[in-house]
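Participant: Just dropping this structure here.
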Amino acid sequence: MPLLVQPSLPAGSMAVLAQPSFSADGILVRPWRRSDQSAVLAAYDDPAIQRWHCRTMTDQEARDWIASWPGRWRAETGAGWAVVDAGEVVGQVSLRRLDFRDGTAEVSYWVLPEARGRRIARRALSALTTWSFETLGLHRMELNHSTDNMASCRVAQAAGFAVEGIKRREALHADGWHDMHMHARLDTDG
């Protein structure tokens, strides 16, 4: 059935670009490297990251996770970046659920325990949001987190993602179903 409107972004809009690195407010956001495996393993060994991201990783899974990002970029199904501070990987930020027809994506992030409290997630999220709007051409970015995850809520709000509502019992975590805050930011938001 033909659409009555053109897609917000044509297919291939991201795949034709080289995945960028960007500096933002003292941090570097760059594509993942094989040498980042120990940081990925440390992240998914952290109880807080396990709680909110609902997974652990083996050595092989971490290698595969890192190796999957270039293919996801080319297929326009996702994009992931390591967040680097003072030469060390301290977190990640990624685009998920890309929808070029509607010009939207969902964002996820985590920060290693030793880097928490330094606004790393907010800086990385702000940098990715700026790139996604100005270069990629998205018009809406969404962010979802458990209503119990107040740290993530503070990050979202500090990066300009307004709370739009609560999705009841939307995500299954190890301790049961969680209501999720849905935040969003539009390319027209200040």
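The values are calculated or read from the model by the stated rules, or taken from the named source; none is laboratory data. Keep in mind that what you see is a predicted model, and the values were worked out from it rather than measured. Counting neighbours? That spans all protein chains shown, and the Cβs are built from the backbone with ideal geometry, glycine included. Protein only, heavy atoms only, side chains kept; ligands, DNA and RNA dropped before computing areas. Shrake-Rupley method; radii C 1.70, N 1.55, O 1.52, S 1.80 Å.
Participant: Only one of (1) within 18 Å of D189 (Cα to Cα); (2) in contact with a Ser or Thr (Cβ under 8 Å, 6 or more places away or on another chain); (3) surrounded by 20 or more Cβ atoms within 10 Å (Cβ to Cβ) is not met by R140, so which one is it?
Facilitator: (3)
Participant: Right, next: Scan (1) in contact with a helix residue (DSSP H, G or I) (Cβ under 7 Å, 6 or more places away or on another chain); (2) open to solvent by less than 30 Å² (accessible area, probe 1.4 Å) for the single condition L41 breaks and write down its number.
Facilitator: (2)
Participant: Could I ask something else about it? Of the residues that sit in the stretch 149-166 and are outside any helix (DSSP H, G or I) and at pLDDT 95 or above, which one is nearest to A11 (Cα to Cα)?
Facilitator: My answer is F161.
Participant: Quick one: which of R33, R74 is exposed (fewer than 14 other Cβ atoms within 10 Å of the Cβ), in contact with a helix residue (DSSP H, G or I) (Cβ under 8 Å, 6 or more places away or on another chain) and without any contact (Cβ under 8 Å) to a residue 60 or more places away in the chain? Even if it seems obvious, please write down each step before you answer.
Facilitator: Working: R74 fails: in contact with a helix residue (DSSP H, G or I) (Cβ under 8 Å, 6 or more places away or on another chain).
Of the residues listed, the single one that is exposed (fewer than 14 other Cβ atoms within 10 Å of the Cβ), in contact with a helix residue (DSSP H, G or I) (Cβ under 8 Å, 6 or more places away or on another chain) and without any contact (Cβ under 8 Å) to a residue 60 or more places away in the chain is R33.
Participant: Something else now. List the residue pairs whose Cβ atoms are under 7 Å apart, where the first residue sits in the stretch 150-165 and is among the polar types (S, T, N, Q), the second is modelled with pLDDT of 95 or more, and the two are 6 or more positions apart or on different chains.
Facilitator: From residues that are among the polar types (S, T, N, Q), the pairs are S152/H145.
Participant: Show the residue pairs that are 6+ apart or on different chains and have beta-carbon atoms under 6 Å apart, the first residue being within the stretch 40-53 and over 15 Å from A115 (Cα atoms), the second being modelled with pLDDT of 90 or more and part of a helix (DSSP H, G or I).
Facilitator: What qualifies is L41/A62.
Participant: Only one residue in G80, G87, G103 is over 25 Å from M150 (Cβ atoms) and open to solvent by less than 10 Å² (accessible area, probe 1.4 Å), so which one is that? It would help to see each step written out before you state the result.
Facilitator: Working: G80 fails: over 25 Å from M150 (Cβ atoms); G87 fails: open to solvent by less than 10 Å² (accessible area, probe 1.4 Å).
Step by step, each of G80, G87, G103 is checked, and only G103 is over 25 Å from M150 (Cβ atoms) and open to solvent by less than 10 Å² (accessible area, probe 1.4 Å).
Participant: Restricting the search to the stretch 5-30, which residues are of a type in the set (S, T, N, Q), under 18 Å from the mean Cα position of the chain (by Cα) and open to solvent by less than 50 Å² (accessible area, probe 1.4 Å)?
Facilitator: The answer is Q19, and nothing else.
Participant: Any idea which of (1) in a strand (DSSP E or B); (2) buried (at least 16 other Cβ atoms within 10 Å of the Cβ); (3) not acidic (D, E) is the one W177 doesn't satisfy?
Facilitator: For W177, the failing item is (2).
Participant: Just one of (1) open to solvent by less than 30 Å² (accessible area, probe 1.4 Å); (2) not in a strand (DSSP E or B) trips up E134, so point out which.
Facilitator: Here E134 meets the rest and fails (1).
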